[in-house]
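The values are calculated or read from the model by the stated rules, or taken from the named source; none is laboratory data. This structure is a prediction, so every number in the text was calculated from the model and none was measured. Glycine also receives a Cβ, built like all others from the backbone with ideal geometry; neighbour counts cover every protein chain displayed.
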Amino acid sequence: MGSLEGRVAFVTGASRGIGRAIALRFAAEGASVVANASRSGAHGSLEGTLEETVSEIQAMGGKAAAVVCDLIDPAAREGLIERASVPFGAVDVLVNNAAAGIMKLPSQTTNADRSKMHELNLNAPVDLAQQAIAGMKAKGGGWILNIGSATARQPAVPYRDSKRSAWTIGAYGATKAALDRYTVALAHELCEHEIFVNCMAPTSIVLTSGAEYVRDIARKNPDWVEPVEMMAEGALELCSGRHVGRVIFSRDIVHETARKVRSLDGKRILGDAFLLADPEAGAA
């Protein structure tokens, strides 16, 4: 039996990237996965669809369903956890992965820019967590994982990248800093109910399927990039263990718990917390 056998996991932003990887890894551990994105079907230049994520899980022998919802719309996300509970029952594992970044200098970020990022990066995760609490309590417990970002902290000087890159992440990082703080408060409120709330950020830039520009970075600066499997493994630890209010990086939680990093189907051990991304794997 997998570590998530009998669990129902709802993963936002699951049509591609980190969300897709977490959905696949959780399904490999026995979870019934409900995948969310703002839309299904073609994403233009963005690789991946909800249908592909669901089909891939089902091809592995897992259970999966899709729920389309534009999380930036407060009205659209009303009752979303209830809708996500229809295919397999009440959600007891929630992964708030979906996010949006508008990269402008902090002196030039408009109110509309800030409002959009706060709505998706902070308000949506809080709303979904609040919607999920009653069902988790009824099931005797649960897990909520918010996906954070290193941009919550200003990069140290000298910047690894350009000055402009370091500055333009400020407004996005502010939303992630707020999410960190909210995570800790919610975690301490809910731990007595066996609901474990944590926040995990990538240690480095994550190499995901279709991210060709990240492959180029990995070829030049291998230590700047981590495999998407690292994020999936860290998420699995935080959504199956008894961690309370952790705001932590992916490699750190994997190293701290001495986990082996496995392939997304769970069948192969790829390495440990020191595993580097392979820029040639899956390259076009």
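Would you please name the residue that is farthest from residue 142 (Cα to Cα), looking only at residues in region 183-214 that are surrounded by fewer than 20 Cβ atoms within 10 Å (Cβ to Cβ) and in contact with a strand residue (DSSP E or B) (Cβ under 7 Å, 6 or more places away or on another chain)? Out of the qualifying residues, it is 205. Annotation note: of 135, 61, the sole residue that is more than 16 Å from residue 15 (Cα to Cα) and not in a helix (DSSP H, G or I) is 61.
The residues of region 230-255 that are assigned to a helix (DSSP H, G or I), over 17 Å from residue 31 (Cβ atoms) and in contact with a helix residue (DSSP H, G or I) (Cβ under 9 Å, 6 or more places away or on another chain), listed by number, are 230, 250, 251, 252, 253, 254. Within region 239-269, if we keep just the residues that are within 14 Å of the chain's Cα centre (by Cα) and surrounded by 24 or more Cβ atoms within 10 Å (Cβ to Cβ), the residue that is nearest to residue 213 (Cα to Cα) turns out to be 250.
A search for C-beta distances below 7 Å between a residue of region 256-282 that is without any contact (Cβ under 8 Å) to a residue 24 or more places away in the chain and of a type in the set (A, V, I, L, M) and any residue that is assigned to a loop (DSSP other than H, G, I, E, B) and loosely packed, with under 14 Cβ neighbours inside 10 Å, counting only pairs 6+ apart in sequence or on different chains, returns 269/260. Per the conditions (1) farther than 19 Å from residue 263 by Cα; (2) surrounded by 22 or more Cβ atoms within 10 Å (Cβ to Cβ); (3) touching a residue at least 40 places away in the same chain (Cβ under 8 Å), the sole criterion not satisfied by residue 50 is (3). Just one of (1) buried (at least 17 other Cβ atoms within 10 Å of the Cβ); (2) modelled with pLDDT of 95 or more; (3) not in a helix (DSSP H, G or I); (4) not aliphatic (A, V, I, L, M) fails for residue 25. It is (3).
Surrounded by fewer than 19 Cβ atoms within 10 Å (Cβ to Cβ), in contact (Cβ under 8 Å) with a residue 24 or more places away in the chain, closer than 18 Å to residue 229 by Cα and over 17 Å from the mean Cα position of the chain (by Cα), is that true of residue 30? Answer is yes for this residue.
Residue check: residue 126 meets all listed conditions (1) out of contact with any Asp or Glu (no Cβ under 7 Å at 6 or more places or on another chain); (2) surrounded by fewer than 17 Cβ atoms within 10 Å (Cβ to Cβ); (3) more than 22 Å from residue 73 (Cα to Cα) but one, namely (3).
Look at residue 112 and say whether it is over 13 Å from residue 146 (Cα atoms) and assigned to a helix (DSSP H, G or I).
yes
The residues on offer are 281, 277, 258, 273, and the sole one that is part of a loop (DSSP other than H, G, I, E, B) and at positive phi is 258.
A single entry from 215, 164 fulfils the requirement of being more than 21 Å from residue 17 (Cβ to Cβ), among the basic types (Lys, Arg) and modelled with pLDDT under 95: 164.
Exactly one residue out of 194, 212, 189 is more than 18 Å from residue 234 (Cα to Cα), without any contact (Cβ under 8 Å) to a residue 24 or more places away in the chain and not aromatic (Phe, Trp, Tyr): that is 189.
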